[in-house]
Amino acid sequence: MKITYTFYLMNGSMNVILSLSQYDIDSIYFYESIDNNIIKDGEFIKLYYSNDFFSMNGLYLNITQNNYKYESYFQNPEKYVVNVQFNNYVSDKLKTIEQKILEKINISNAPSYRLNDQIDNKSIKLYSKNNTFTSILLKISGIWKVNETYGITYKFIPICDPPIFQQSVG
């Protein structure tokens with residue numbers, strides 16, 4: 001079975017952007033825990049994605065669907081809040097991805113499902129100097145852990161440019 005991967009150039013580096021159907025929980029791995037520079041007295045566990053064809057730090061998912069709605073309004077020169085109502089497939093898939101990643105790390109603390117909450121609130125924050133974008137990318141960097149809770153570290157990124165190329169493998 002052939003799989004086509006899409007490559008984007010973002011901030012000077014090339015990234016493989018997976019579709020939701022290409023994501024596989026068995027390709028998620030974790031580095032050792034380090035001190036968290038963002039959350040005081042917290043820990044950070046970097047995530048990487050590796051399969052037979054490539055390895056990359058973090059997980060990059062194209063979450064754009066043809067039937068989502070968004071309204072944006074200007075907040076400051078580089079930040080937009082977008083009201084999004086994902087279709088049921090995208091919402092369910094993203095919630096499952098968050099849940100499965102938090103299960104896979106196997107931490108005894110209480111999980112915090114912040115991505116799930118943000119999807120339910122139908123509001124995401126995008127950081128961009130450009131309010132015209134063609135797709136939305138979800139980047140999952142790792143796991144944060146503080147006190148008795150933990151959750152995924154993620155952000156939504158607008159994709160303003162077309163992919164640089166696509167490659168079929170398999």
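Remarks
- Phi-derived couplings, Karplus 6.51 cos²θ - 1.76 cosθ + 1.60 at θ = phi - 60°, listed residue by residue for segment 91-108: 4, 5, 5, 5, 5, 5, 4, 4, 4, 5, 5, 5, 5, 5, 5, 6, 9, 6 Hz, with x used for Gly and Pro.
- By definition, a body whose alpha carbon gyration tensor gives a ≥ b ≥ c is prolate when a/c is 1.5 or more and a/b is larger than b/c, and segment 88-170 fits this prolate description.
- Entries of LYS2/LYS46; LYS95/LYS145; LYS40/LYS139 with Cα pairs more than 27 Å apart: LYS2/LYS46
- Rounded FRET efficiency, nearest 0.05, which uses the C-beta distance separating ALA110 from SER13 and R0 of 35 Å: 0.50
- Separation in nanometres of the label points that stand 7 Å from Cα toward Cβ, at GLN166 and SER123: 3.6 nm
- FRET efficiency for the pair THR64 and ASP35, taken as 1/(1 + (r/R0)^6) with r the Cβ-Cβ distance and R0 = 41 Å, rounds to 0.70.
- For segment 25-67, the list of chymotrypsin sites (Phe, Trp or Tyr not before Pro) that fall in a loop by DSSP and count at most 14 other C-beta atoms within 10 angstrom reads PHE53, PHE54.
Bear in mind that the values in this text are calculations on the coordinates, not laboratory data. This is a predicted model, so every value here is computed, not measured. Ideal geometry is used to build each Cβ from the backbone, glycine not excepted, and the neighbour counts take in all protein chains shown.
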